[in-house]
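Nothing in this text is a laboratory measurement; each read-out follows from the coordinates by a stated rule. Here the structure is a predicted model, which means the values were calculated and not measured. So basically every Cβ, Gly included, is an ideal-geometry build from the backbone, and we count neighbours across all protein chains shown.
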Amino acid sequence: MKNILVPTDFSDCAHEAVELGFEFAKKASAEIHFLHLVRTPVDWVKLPLEKEDFYPEIKEEIGLAKSKLSQLKRKAEKMGLVCQTFLVYDKGREEIDMHIEHHKHDFVIMGSHGAKGFKEFIGTNTQRVVRNSPVPVFIVKKRPEKFEIKNIVFASTFEEDVQGPFQKVVEFAELMKAKIHLLYVNVPYHFKETDESDNNMRTFLDKCPKGTCTINIYNALDEERGIQKFTESINADVIAITTHGKSGIMKMISPSITESLVNHSDIPIFSVNIKIK
C-alpha cells in the first residue's frame, strides 16, 4: 500500500472513508489522493470565464469543493503525508478507473450508503468501482470511534485460483497486524463434505504468516447469510472477498455476492478482483 485513492463526495459516509484513508496512509507511509467529481451542464474546462456567472449554482458548488479539498490537503500535510487533490468536471465513474491507472494507485477507499430495491438493481458508484477496479477496494459505511482491524474473514469457495487476491489480503493483514479467518460457506445447492472443503483451505495456510490463519466451515442457506453470520459470531472487523467483475446480463443472472455485501453489510468490505496478479 504505497499510493491510496479516496474518491469523495463530501457526504457523511465519504467522511468515514477519508478518515480511514488518513489512518491507513499513516500506517503504511503511503501517499494519499482525494478525488471529487462535479457534474456540469456544459464543458466547464472550455467555458469562457465570463460565462461562468450564467451557472451560479455550479460555480458555488465548485468553489465549495475546492475549499474542502484544500482542507483535506492541509490536514494530510500536518500529519506528514504526501497528498494530492483532484477536482474533475463532467466525468462519470470511469474517471475513477482512469485515475487509478494513471496515478498507479494500489489501494482505493470508498464510503457507501448501501442500496436497496431499485437502486440496488441499477447499482451504485461504489458497486461499479468494486466491479471494475484493478486494485483492492476497501468499502466502509460507518467507522466505530475506535476502529481497529484485528480479525479479517476471507470468504471463498477455494476452488478457483484466488492465490493472487489472497496475497493482497495477506499483505493488508500484515500491515494491520490482523488475524485471517479462512471461511467456506457450505450451502445446500453446492454441498461439500468437510474433508474436501477443509483440504482446499489448507493449501492456503502456507501463504499465511505463521499462526495467523484459521480454517472455518459454516453451514447456511446461502453464501451471503453465512458470511455475515460467521463474521458476527467472531466479531470480525473486515470481510475480505473476491469479485469477478460481472456486469450487464451476467450480473442479472448471477448477482455478485461481493456487491450484495457492499449493499447490506455494516462491516467494512475488502474487495479484490479475481483477475488481480
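Cβ-Cβ distance of Glu57 and Glu94, R₀ of 30 Å, FRET efficiency by 1/(1 + (r/R0)^6): the value works out to about 0.75. Could you pull out every one of the aspartates and glutamates with an alpha carbon less than 13 Å from that of Lys66, ignoring same-chain neighbours closer than 8 positions? Cross-link targets: Asp9. Straight-line reach from Lys275: taking Cα to Cα under 16 Å and skipping same-chain neighbours fewer than 8 places apart, the aspartates and glutamates in range are Asp97, Glu101, Asp106, Glu159, Glu160, Asp161. Packing-based ranking of 132-141, 22-31 yields 132-141, 22-31, ordered from highest to lowest mean Cβ neighbour count within 10 Å.
Helices in the chain, meaning DSSP H runs of at least 4 residues, each add -39500 (n - 2.57). Divided by all residues, the mean residue ellipticity at 222 nm is -12000 deg cm²/dmol. In terms of distances greater than 30 angstrom between alpha carbons, the cross-link table entries Lys2/Lys179; Lys142/Lys177; Lys78/Lys210; Lys2/Lys150 yield Lys78/Lys210. Using the Cβ-Cβ distance between Glu101 and Glu196 with R0 set to 30 Å, the FRET efficiency works out to roughly 0.15.
Highest mean packing comes first when the peptides 194-204, 54-64 are listed by Cβ atoms within 10 Å, giving 194-204, 54-64. When Rg and Dmax are taken over the Cα atoms of segment 3-140, they come to 15.5, 46 Å. Build a GNM of the chain with springs between Cα atoms under 10 Å apart, and of Lys177, Lys150, Lys51 the one that fluctuates most is Lys51.
Mean Kyte-Doolittle hydropathy of -0.5 or higher plus an axial Cα length of 20 Å or more: which whole DSSP H helices in the chain meet both? Membrane-span-like by this rule: 12-28. Put in order of Cβ neighbour count within 10 Å, fewest first, the listed residues Tyr189, Tyr184 become Tyr189, Tyr184. Cysteines in the chain lacking any other cysteine Cβ under 4.7 Å from their own Cβ: Cys13, Cys83.
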